[in-house]
Amino acid sequence: MSHSAVPAATCPFTGATAPAETADAVNESVVTAVDAAAGMEAPVADWVTIPDLFADPFPIYRRMREESPVHWVPAVNRYMVTSYAACHEIEQDEARFSANEHNSLMKRSMGHSMLRKDNPEHQVDRDSYGSTLRPGTIKKHWNAIFEANNEKYLAELLAKGPGADFVWDYAAPYTGENLRQIVGFHNATQQDMQRWSQTLIDGTGNYADDPEIWAKAKASSDEVDAAIDEMLPHLAKNPDESLLSGLASMPIPLEAIRANLKMTIGGGLNEPRDVLATTVWALLNNTEQLAAVKADPKLHAVAFEESVRWVAPIGMYPRETTTDLVLGGVRLPQGARLGVVLGAANRDPEVFEDPETFNIFRSKKPHLGFGGGVHFCAGTWIARAQVAQIAMPAVFEKLPNLRLDPSAESVDAGWVFRGMTKMPVLWG
(Lines give C-alpha, C1' and ligand atoms only; values in the text may rest on other atoms or scores of the structure.)
Protein backbone atom coordinates (compact mmCIF):
# COMPACT_ATOMS: atom_id res chain seq x y z
CA MET A 1 0.00 0.00 0.00
CA SER A 2 1.31 3.42 -0.91
CA HIS A 3 1.14 6.35 1.51
CA SER A 4 2.46 9.17 -0.68
CA ALA A 5 -0.45 11.50 0.05
CA VAL A 6 -1.00 10.52 3.71
CA PRO A 7 -0.48 13.41 6.14
CA ALA A 8 0.68 13.17 9.73
CA ALA A 9 -2.72 11.89 10.77
CA THR A 10 -4.95 8.89 10.09
CA CYS A 11 -4.57 6.62 7.09
CA PRO A 12 -8.08 6.27 5.61
CA PHE A 13 -7.41 2.61 4.77
CA THR A 14 -5.83 1.15 7.92
CA GLY A 15 -6.92 3.73 10.50
CA ALA A 16 -3.33 3.83 11.76
CA THR A 17 -1.56 7.06 12.59
CA ALA A 18 2.01 7.86 11.72
CA PRO A 19 4.20 10.93 11.21
CA ALA A 20 4.30 12.19 7.65
CA GLU A 21 8.00 11.34 7.29
CA THR A 22 7.28 7.72 8.29
CA ALA A 23 4.57 7.47 5.66
CA ASP A 24 6.95 8.86 3.06
CA ALA A 25 9.58 6.34 4.01
CA VAL A 26 7.10 3.49 3.75
CA ASN A 27 6.01 4.73 0.35
CA GLU A 28 9.58 5.01 -0.90
CA SER A 29 10.44 1.50 0.23
CA VAL A 30 7.32 0.06 -1.37
CA VAL A 31 7.92 1.75 -4.72
CA THR A 32 11.62 0.86 -4.89
CA ALA A 33 10.86 -2.74 -3.93
CA VAL A 34 8.44 -3.24 -6.80
CA ASP A 35 9.83 -5.62 -9.38
CA ALA A 36 8.03 -4.84 -12.62
CA ALA A 37 8.94 -8.31 -13.90
CA ALA A 38 7.03 -9.92 -11.05
CA GLY A 39 3.30 -10.42 -10.88
CA MET A 40 0.94 -12.19 -13.23
CA GLU A 41 -0.68 -11.14 -16.47
CA ALA A 42 -4.08 -9.53 -15.98
CA PRO A 43 -6.91 -11.99 -16.60
CA VAL A 44 -9.10 -11.03 -19.56
CA ALA A 45 -12.76 -10.41 -18.71
CA ASP A 46 -14.10 -10.78 -22.24
CA TRP A 47 -17.44 -11.86 -20.79
CA VAL A 48 -18.18 -8.32 -19.52
CA THR A 49 -20.50 -6.19 -21.67
CA ILE A 50 -21.45 -2.52 -21.35
CA PRO A 51 -25.23 -3.26 -21.35
CA ASP A 52 -24.76 -5.72 -18.46
CA LEU A 53 -22.67 -3.19 -16.54
CA PHE A 54 -25.33 -0.52 -17.10
CA ALA A 55 -28.18 -2.74 -15.91
CA ASP A 56 -26.48 -4.13 -12.79
CA PRO A 57 -22.69 -4.07 -12.41
CA PHE A 58 -22.50 -5.53 -8.90
CA PRO A 59 -22.61 -9.27 -9.76
CA ILE A 60 -19.94 -8.55 -12.38
CA TYR A 61 -17.79 -6.74 -9.83
CA ARG A 62 -18.20 -9.56 -7.34
CA ARG A 63 -17.01 -12.17 -9.85
CA MET A 64 -14.08 -10.00 -10.94
CA ARG A 65 -12.98 -9.30 -7.37
CA GLU A 66 -13.05 -13.01 -6.52
CA GLU A 67 -10.85 -13.82 -9.52
CA SER A 68 -8.35 -10.94 -9.39
CA PRO A 69 -8.20 -7.30 -8.23
CA VAL A 70 -7.34 -6.22 -11.78
CA HIS A 71 -8.75 -7.42 -15.14
CA TRP A 72 -8.29 -6.37 -18.73
CA VAL A 73 -11.82 -5.66 -20.01
CA PRO A 74 -11.99 -5.44 -23.83
CA ALA A 75 -15.51 -3.96 -23.80
CA VAL A 76 -14.25 -0.77 -22.13
CA ASN A 77 -10.67 -0.93 -23.48
CA ARG A 78 -9.00 -0.61 -20.09
CA TYR A 79 -7.95 -2.48 -16.99
CA MET A 80 -10.70 -2.43 -14.36
CA VAL A 81 -9.50 -2.32 -10.73
CA THR A 82 -12.08 -3.76 -8.33
CA SER A 83 -10.49 -4.37 -4.91
CA TYR A 84 -10.53 -1.78 -2.14
CA ALA A 85 -6.80 -2.16 -1.47
CA ALA A 86 -5.80 -1.65 -5.11
CA CYS A 87 -8.17 1.29 -5.62
CA HIS A 88 -6.89 2.91 -2.44
CA GLU A 89 -3.30 2.42 -3.53
CA ILE A 90 -4.03 4.21 -6.80
CA GLU A 91 -5.77 7.10 -5.03
CA GLN A 92 -2.79 7.70 -2.76
CA ASP A 93 -0.06 7.53 -5.40
CA GLU A 94 -0.37 10.09 -8.19
CA ALA A 95 3.32 9.63 -9.08
CA ARG A 96 2.63 6.17 -10.52
CA PHE A 97 -1.06 6.58 -11.35
CA SER A 98 -1.67 9.78 -13.31
CA ALA A 99 -5.03 11.51 -13.56
CA ASN A 100 -3.89 13.14 -16.81
CA GLU A 101 -5.05 10.27 -19.00
CA HIS A 102 -4.39 10.37 -22.73
CA ASN A 103 -7.46 10.24 -25.01
CA SER A 104 -9.65 10.98 -22.00
CA LEU A 105 -13.41 10.85 -22.49
CA MET A 106 -13.80 13.55 -19.84
CA LYS A 107 -11.39 15.86 -21.66
CA ARG A 108 -13.33 15.34 -24.88
CA SER A 109 -16.68 15.98 -23.20
CA MET A 110 -15.79 18.75 -20.73
CA GLY A 111 -12.30 20.00 -21.51
CA HIS A 112 -9.15 19.54 -19.42
CA SER A 113 -10.47 20.04 -15.88
CA MET A 114 -8.68 19.68 -12.56
CA LEU A 115 -9.91 16.08 -12.31
CA ARG A 116 -7.67 15.14 -15.24
CA LYS A 117 -4.61 17.02 -13.95
CA ASP A 118 -1.80 16.04 -11.61
CA ASN A 119 -0.09 18.34 -9.14
CA PRO A 120 1.06 21.06 -9.21
CA GLU A 121 -1.37 22.00 -12.03
CA HIS A 122 -4.28 20.32 -10.27
CA GLN A 123 -3.79 22.27 -7.05
CA VAL A 124 -3.68 25.60 -8.87
CA ASP A 125 -7.11 24.90 -10.37
CA ARG A 126 -8.51 23.54 -7.11
CA ASP A 127 -7.30 26.55 -5.12
CA SER A 128 -9.04 28.84 -7.61
CA TYR A 129 -12.38 27.63 -6.24
CA GLY A 130 -11.54 29.51 -3.06
CA SER A 131 -13.89 29.29 -0.12
CA THR A 132 -17.16 28.77 -2.02
CA LEU A 133 -17.44 25.02 -1.25
CA ARG A 134 -15.95 25.01 2.24
CA PRO A 135 -17.95 24.06 5.35
CA GLY A 136 -17.82 27.57 6.82
CA THR A 137 -19.30 29.16 3.69
CA ILE A 138 -21.91 26.42 3.44
CA LYS A 139 -23.04 27.11 7.00
CA LYS A 140 -23.00 30.91 6.69
CA HIS A 141 -24.42 31.26 3.19
CA TRP A 142 -25.53 28.18 1.27
CA ASN A 143 -27.61 26.32 3.86
CA ALA A 144 -30.31 29.02 3.90
CA ILE A 145 -30.48 28.90 0.11
CA PHE A 146 -30.67 25.11 0.13
CA GLU A 147 -33.48 25.23 2.69
CA ALA A 148 -35.50 27.66 0.57
CA ASN A 149 -34.98 25.59 -2.56
CA ASN A 150 -35.88 22.40 -0.74
CA GLU A 151 -39.12 23.92 0.55
CA LYS A 152 -40.04 25.01 -2.99
CA TYR A 153 -39.41 21.71 -4.73
CA LEU A 154 -40.80 19.57 -1.94
CA ALA A 155 -43.99 21.64 -2.22
CA GLU A 156 -44.01 20.99 -5.97
CA LEU A 157 -43.72 17.25 -5.34
CA LEU A 158 -46.65 17.41 -2.93
CA ALA A 159 -48.68 19.43 -5.43
CA LYS A 160 -48.17 16.79 -8.13
CA GLY A 161 -49.71 14.26 -5.81
CA PRO A 162 -49.10 10.57 -5.07
CA GLY A 163 -47.51 8.76 -7.97
CA ALA A 164 -45.07 11.61 -8.65
CA ASP A 165 -41.49 10.59 -9.35
CA PHE A 166 -39.15 11.30 -6.43
CA VAL A 167 -36.13 11.76 -8.71
CA TRP A 168 -37.47 13.92 -11.54
CA ASP A 169 -40.20 15.79 -9.65
CA TYR A 170 -38.06 16.63 -6.62
CA ALA A 171 -34.43 15.48 -6.26
CA ALA A 172 -33.29 16.63 -9.72
CA PRO A 173 -34.84 20.13 -9.74
CA TYR A 174 -33.82 20.70 -6.10
CA THR A 175 -30.16 19.85 -6.67
CA GLY A 176 -30.21 21.54 -10.08
CA GLU A 177 -31.37 24.84 -8.61
CA ASN A 178 -28.83 24.57 -5.79
CA LEU A 179 -26.06 24.06 -8.31
CA ARG A 180 -27.24 26.90 -10.54
CA GLN A 181 -26.81 29.32 -7.64
CA ILE A 182 -23.55 27.78 -6.39
CA VAL A 183 -21.99 28.16 -9.83
CA GLY A 184 -23.46 31.61 -10.47
CA PHE A 185 -25.47 31.00 -13.64
CA HIS A 186 -27.98 33.82 -13.24
CA ASN A 187 -28.54 33.49 -17.00
CA ALA A 188 -29.70 29.85 -16.88
CA THR A 189 -32.44 27.71 -15.31
CA GLN A 190 -32.30 24.56 -13.23
CA GLN A 191 -33.67 22.75 -16.28
CA ASP A 192 -30.61 23.94 -18.21
CA MET A 193 -28.40 22.61 -15.42
CA GLN A 194 -30.08 19.22 -15.59
CA ARG A 195 -29.70 18.99 -19.37
CA TRP A 196 -26.09 20.17 -19.34
CA SER A 197 -25.17 17.86 -16.50
CA GLN A 198 -26.68 14.74 -18.03
CA THR A 199 -25.34 15.24 -21.55
CA LEU A 200 -21.84 16.13 -20.38
CA ILE A 201 -21.81 13.15 -18.02
CA ASP A 202 -23.06 10.89 -20.81
CA GLY A 203 -20.07 12.02 -22.84
CA THR A 204 -17.69 11.28 -19.97
CA GLY A 205 -19.08 7.74 -19.76
CA ASN A 206 -19.39 7.18 -23.52
CA TYR A 207 -17.26 4.04 -23.63
CA ALA A 208 -19.41 2.74 -26.51
CA ASP A 209 -18.36 5.83 -28.57
CA ASP A 210 -21.95 6.64 -29.53
CA PRO A 211 -21.88 9.61 -31.98
CA GLU A 212 -25.29 10.87 -30.84
CA ILE A 213 -24.02 11.13 -27.26
CA TRP A 214 -20.99 13.10 -28.45
CA ALA A 215 -23.21 15.48 -30.43
CA LYS A 216 -25.40 16.23 -27.40
CA ALA A 217 -22.34 16.71 -25.18
CA LYS A 218 -20.82 19.13 -27.70
CA ALA A 219 -24.05 21.15 -27.90
CA SER A 220 -24.20 21.48 -24.12
CA SER A 221 -20.51 22.31 -23.92
CA ASP A 222 -21.05 25.19 -26.33
CA GLU A 223 -24.05 26.43 -24.34
CA VAL A 224 -22.06 26.37 -21.09
CA ASP A 225 -19.21 28.28 -22.73
CA ALA A 226 -21.63 30.97 -23.87
CA ALA A 227 -23.21 31.23 -20.41
CA ILE A 228 -19.80 31.53 -18.74
CA ASP A 229 -18.63 34.18 -21.21
CA GLU A 230 -21.75 36.23 -20.47
CA MET A 231 -21.56 35.90 -16.67
CA LEU A 232 -17.85 36.57 -16.05
CA PRO A 233 -17.90 40.33 -16.86
CA HIS A 234 -21.21 40.73 -15.02
CA LEU A 235 -19.91 39.05 -11.87
CA ALA A 236 -16.64 40.97 -12.02
CA LYS A 237 -18.76 44.12 -11.54
CA ASN A 238 -21.42 42.51 -9.31
CA PRO A 239 -19.61 39.95 -7.14
CA ASP A 240 -21.45 37.37 -5.04
CA GLU A 241 -20.64 34.08 -3.27
CA SER A 242 -20.70 31.94 -6.43
CA LEU A 243 -17.86 30.01 -8.03
CA LEU A 244 -17.98 32.09 -11.20
CA SER A 245 -17.79 35.29 -9.19
CA GLY A 246 -14.60 34.14 -7.49
CA LEU A 247 -13.10 33.01 -10.79
CA ALA A 248 -13.98 36.34 -12.45
CA SER A 249 -11.43 38.13 -10.29
CA MET A 250 -8.58 35.64 -10.75
CA PRO A 251 -5.93 35.32 -13.46
CA ILE A 252 -7.19 31.89 -14.49
CA PRO A 253 -7.15 30.92 -18.19
CA LEU A 254 -10.62 30.91 -19.71
CA GLU A 255 -10.27 27.33 -20.94
CA ALA A 256 -9.51 26.16 -17.38
CA ILE A 257 -12.55 28.02 -16.05
CA ARG A 258 -14.75 26.44 -18.72
CA ALA A 259 -13.46 22.91 -18.13
CA ASN A 260 -13.68 23.11 -14.34
CA LEU A 261 -17.19 24.54 -14.42
CA LYS A 262 -18.35 21.75 -16.74
CA MET A 263 -16.83 19.22 -14.35
CA THR A 264 -18.71 20.92 -11.51
CA ILE A 265 -21.99 20.91 -13.46
CA GLY A 266 -21.60 17.16 -13.93
CA GLY A 267 -20.64 15.94 -10.47
CA GLY A 268 -22.27 18.80 -8.60
CA LEU A 269 -25.74 17.81 -9.75
CA ASN A 270 -25.72 14.06 -10.25
CA GLU A 271 -23.95 13.20 -6.99
CA PRO A 272 -26.39 14.88 -4.55
CA ARG A 273 -29.40 13.99 -6.75
CA ASP A 274 -28.48 10.33 -6.94
CA VAL A 275 -27.41 9.97 -3.31
CA LEU A 276 -30.66 11.62 -2.14
CA ALA A 277 -32.85 9.31 -4.21
CA THR A 278 -30.81 6.18 -3.52
CA THR A 279 -30.72 6.81 0.24
CA VAL A 280 -34.46 7.40 0.48
CA TRP A 281 -35.14 4.37 -1.75
CA ALA A 282 -32.92 2.18 0.45
CA LEU A 283 -34.56 3.38 3.66
CA LEU A 284 -38.05 2.82 2.25
CA ASN A 285 -37.00 -0.76 1.53
CA ASN A 286 -35.65 -1.25 5.08
CA THR A 287 -38.36 -0.29 7.56
CA GLU A 288 -36.29 -0.95 10.69
CA GLN A 289 -33.54 1.39 9.48
CA LEU A 290 -36.10 3.99 8.40
CA ALA A 291 -37.66 3.96 11.87
CA ALA A 292 -34.23 4.44 13.44
CA VAL A 293 -33.43 7.41 11.19
CA LYS A 294 -36.77 9.04 11.98
CA ALA A 295 -36.13 8.57 15.70
CA ASP A 296 -32.58 9.90 15.66
CA PRO A 297 -31.75 12.86 13.35
CA LYS A 298 -28.02 12.14 13.64
CA LEU A 299 -28.58 8.99 11.59
CA HIS A 300 -29.42 11.01 8.45
CA ALA A 301 -25.69 11.56 8.00
CA VAL A 302 -24.94 7.89 8.68
CA ALA A 303 -27.53 6.81 6.10
CA PHE A 304 -26.02 9.22 3.58
CA GLU A 305 -22.52 7.75 3.98
CA GLU A 306 -23.81 4.16 3.85
CA SER A 307 -25.68 4.99 0.66
CA VAL A 308 -22.53 6.41 -0.96
CA ARG A 309 -20.67 3.22 0.02
CA TRP A 310 -23.45 0.92 -1.18
CA VAL A 311 -24.08 2.63 -4.53
CA ALA A 312 -21.24 5.02 -5.33
CA PRO A 313 -22.81 7.76 -7.50
CA ILE A 314 -19.53 8.06 -9.38
CA GLY A 315 -18.83 4.39 -9.90
CA MET A 316 -15.58 4.56 -11.85
CA TYR A 317 -12.91 7.07 -12.83
CA PRO A 318 -9.78 6.69 -15.01
CA ARG A 319 -6.08 6.67 -14.24
CA GLU A 320 -2.98 5.91 -16.34
CA THR A 321 0.23 4.24 -15.19
CA THR A 322 3.40 6.28 -15.50
CA THR A 323 5.77 3.30 -15.28
CA ASP A 324 5.79 -0.50 -15.45
CA LEU A 325 4.47 -1.71 -12.12
CA VAL A 326 2.63 -4.43 -10.22
CA LEU A 327 -0.79 -3.68 -8.74
CA GLY A 328 -2.57 -6.25 -6.61
CA GLY A 329 -0.19 -8.91 -7.92
CA VAL A 330 -0.99 -8.02 -11.55
CA ARG A 331 1.69 -6.77 -13.92
CA LEU A 332 0.82 -3.52 -15.72
CA PRO A 333 2.84 -1.72 -18.40
CA GLN A 334 3.61 1.99 -18.52
CA GLY A 335 0.70 3.85 -20.12
CA ALA A 336 -1.91 1.30 -19.07
CA ARG A 337 -5.41 2.78 -18.98
CA LEU A 338 -7.12 1.96 -15.70
CA GLY A 339 -10.69 2.19 -14.45
CA VAL A 340 -10.72 2.71 -10.67
CA VAL A 341 -14.03 1.04 -9.84
CA LEU A 342 -15.26 2.65 -6.62
CA GLY A 343 -18.58 0.82 -7.03
CA ALA A 344 -16.66 -2.44 -6.62
CA ALA A 345 -14.13 -1.30 -4.00
CA ASN A 346 -16.90 -0.13 -1.69
CA ARG A 347 -18.39 -3.65 -1.71
CA ASP A 348 -15.13 -5.48 -1.03
CA PRO A 349 -15.78 -8.18 1.62
CA GLU A 350 -12.15 -7.86 2.74
CA VAL A 351 -13.15 -4.49 4.21
CA PHE A 352 -16.93 -4.48 4.67
CA GLU A 353 -18.98 -7.24 6.30
CA ASP A 354 -21.95 -8.34 4.18
CA PRO A 355 -21.06 -5.58 1.69
CA GLU A 356 -23.94 -6.10 -0.75
CA THR A 357 -26.44 -5.08 1.92
CA PHE A 358 -27.48 -1.52 2.80
CA ASN A 359 -27.01 -1.31 6.56
CA ILE A 360 -26.73 1.91 8.54
CA PHE A 361 -25.87 -0.10 11.66
CA ARG A 362 -22.64 -1.56 10.26
CA SER A 363 -19.27 -0.79 11.84
CA LYS A 364 -17.96 2.55 10.62
CA LYS A 365 -15.23 2.13 8.03
CA PRO A 366 -14.09 4.66 5.43
CA HIS A 367 -15.57 4.17 1.95
CA LEU A 368 -13.98 5.45 -1.25
CA GLY A 369 -17.14 6.98 -2.72
CA PHE A 370 -15.73 10.52 -2.77
CA GLY A 371 -12.33 9.49 -4.03
CA GLY A 372 -9.18 10.13 -2.07
CA GLY A 373 -5.74 11.65 -2.01
CA VAL A 374 -5.28 15.01 -3.73
CA HIS A 375 -8.43 14.43 -5.81
CA PHE A 376 -10.79 13.95 -2.86
CA CYS A 377 -14.12 15.38 -4.05
CA ALA A 378 -14.26 19.13 -3.40
CA GLY A 379 -18.06 19.01 -3.39
CA THR A 380 -18.36 16.46 -0.58
CA TRP A 381 -19.44 18.97 2.07
CA ILE A 382 -21.96 20.60 -0.27
CA ALA A 383 -23.50 17.21 -1.04
CA ARG A 384 -23.70 16.27 2.64
CA ALA A 385 -25.36 19.58 3.48
CA GLN A 386 -27.95 19.41 0.68
CA VAL A 387 -28.90 15.80 1.31
CA ALA A 388 -28.23 14.71 4.88
CA GLN A 389 -28.70 18.02 6.71
CA ILE A 390 -31.57 19.55 4.76
CA ALA A 391 -33.42 17.36 2.27
CA MET A 392 -33.74 14.05 4.11
CA PRO A 393 -35.04 15.45 7.43
CA ALA A 394 -37.61 17.57 5.55
CA VAL A 395 -38.75 14.69 3.34
CA PHE A 396 -39.53 12.39 6.25
CA GLU A 397 -41.06 15.18 8.33
CA LYS A 398 -43.43 16.45 5.62
CA LEU A 399 -44.13 13.03 4.12
CA PRO A 400 -44.29 10.76 7.18
CA ASN A 401 -46.09 8.04 5.22
CA LEU A 402 -43.79 8.19 2.19
CA ARG A 403 -43.50 4.84 0.45
CA LEU A 404 -42.61 3.38 -2.91
CA ASP A 405 -45.51 2.95 -5.33
CA PRO A 406 -46.08 -0.83 -5.51
CA SER A 407 -47.89 -0.50 -8.84
CA ALA A 408 -44.93 1.17 -10.62
CA GLU A 409 -41.42 -0.27 -10.48
CA SER A 410 -38.46 1.79 -9.32
CA VAL A 411 -35.40 1.53 -11.57
CA ASP A 412 -31.72 2.08 -10.84
CA ALA A 413 -29.13 2.02 -13.62
CA GLY A 414 -25.59 2.93 -14.64
CA TRP A 415 -22.02 1.92 -13.81
CA VAL A 416 -19.68 4.86 -14.54
CA PHE A 417 -22.41 6.93 -12.86
CA ARG A 418 -25.23 5.10 -11.07
CA GLY A 419 -28.50 6.22 -9.53
CA MET A 420 -32.26 5.94 -9.59
CA THR A 421 -33.77 6.62 -13.02
CA LYS A 422 -37.38 6.03 -11.97
CA MET A 423 -38.86 6.21 -8.46
CA PRO A 424 -42.65 6.69 -8.19
CA VAL A 425 -43.77 7.33 -4.62
CA LEU A 426 -46.97 7.52 -2.59
CA TRP A 427 -47.81 9.22 0.71
CA GLY A 428 -50.83 10.04 2.81
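The values are calculated or read from the model by the stated rules, or taken from the named source; none is laboratory data. Predicted model, so just to flag it, every value in this text is computed and none were measured. FYI the Cβ positions are ideal-geometry reconstructions off the backbone, even for glycines, and counts take in every protein chain you see. Quick note on the areas: whole protein, heavy atoms, side chains included, nothing else; ligands and nucleic acids left out. Shrake-Rupley method; radii C 1.70, N 1.55, O 1.52, S 1.80 Å.
For the reader, a short list of remarks on this structure follows.
- Whichever aspartates and glutamates have a C-alpha closer than 15 Å to that of residue 294, once near sequence neighbours (fewer than 8 apart) are set aside: 397
- For a straight C-alpha distance cut-off of 16 angstrom, the aspartates and glutamates reachable from residue 160 (same-chain residues fewer than eight places away being disregarded) are 151, 169, 405.
- Measuring only protein heavy atoms, the 1.4 Å probe finds residue 363 accessible over about 90 Å².
- Couplings 3J(HN,Hα) of region 384-399, computed from phi: 4, 5, 4, 8, 6, 8, 10, 5, 4, x, 5, 4, 7, 6, 7, 10 Hz, in residue order, whole Hz [Karplus 6.51 cos²θ - 1.76 cosθ + 1.60, θ = phi - 60°; x for Gly and Pro].
- For residue 331, distant residues with modelled amide H under 5 Å away: 40, 41, 42
- Residue 228 accessible area, assembled protein chains, probe 1.4 Å, Å²: 0
- Sequence-ordered 3J(HN,Hα) estimates for region 201-211 from the Karplus curve with 6.51, -1.76 and 1.60 and θ = phi - 60° stand at 5, 4, x, 4, x, 7, 5, 7, 6, 6, x Hz, glycine and proline given as x.
- Computed extension gain for residue 394 through residue 422, at 0.36 nm per residue and net of the alpha carbon distance, reaches 8.0 nm.
- Equivalent ellipsoid, the chain (semi-axes from 5 times Cα gyration tensor eigenvalues, Å): 33, 27, 21
- Carbon + sulfur, % of accessible area of region 48-166 - ligands and nucleic acids excluded, 1.4 Å: 54
- Per-residue ellipticity at 222 nm computed for the chain from its helices equals -14000 deg cm²/dmol, with DSSP H segments shorter than 4 residues left out and the rest contributing -39,500 (n - 2.57).
- Residue 49 - accessible surface, heavy atoms, 1.4 Å probe, Å² rounded to 10: 50
- Rounded to the nearest whole Hz, the Karplus-based 3J(HN,Hα) values (6.51 cos²θ - 1.76 cosθ + 1.60, θ = phi - 60°) of region 43-51 follow the sequence x, 9, 9, 7, 8, 7, 10, 4, x, with x at glycine and proline.
- Note that the chain presents 41 Å² accessible area per residue, ligands and nucleic acids not counted, probe 1.4 Å.
- Pairs beyond 23 Å (Cα-Cα), from 139/237; 140/298; 298/364: 139/237
- Separation of the residue 44 and residue 295 label points, Cα + 7 Å toward Cβ, nm: 5.6
- Residue 156/residue 66 FRET efficiency (R0 45 Å; Cβ-Cβ; nearest 0.05): 0.50
- Counting all C-alpha pairs of region 131-232, share separated by more than 15 Å (%): 69
- A cut-off of 5 Å between modelled amide H atoms, ignoring neighbours fewer than 5 places along the same chain, links residue 422 with 411.
- With the simple model of a label 7 Å out from the Cα in the direction of the Cβ, residue 103 to residue 121 spans 1.9 nm.
- Global form of region 26-173, assessed from the alpha-carbon gyration tensor, a/c cut-off 1.5: oblate
- Region 225-291 - percent of accessible surface contributed by carbon and sulfur, probe 1.4 Å: 55
- Loop trypsin sites (Lys or Arg not before Pro), region 363-423, which have at most 13 other Cβ atoms in a 10 Å radius of their Cβ (DSSP): 364
- DSSP beta bridge pairing in the chain, given as percent antiparallel to the nearest 5: 80
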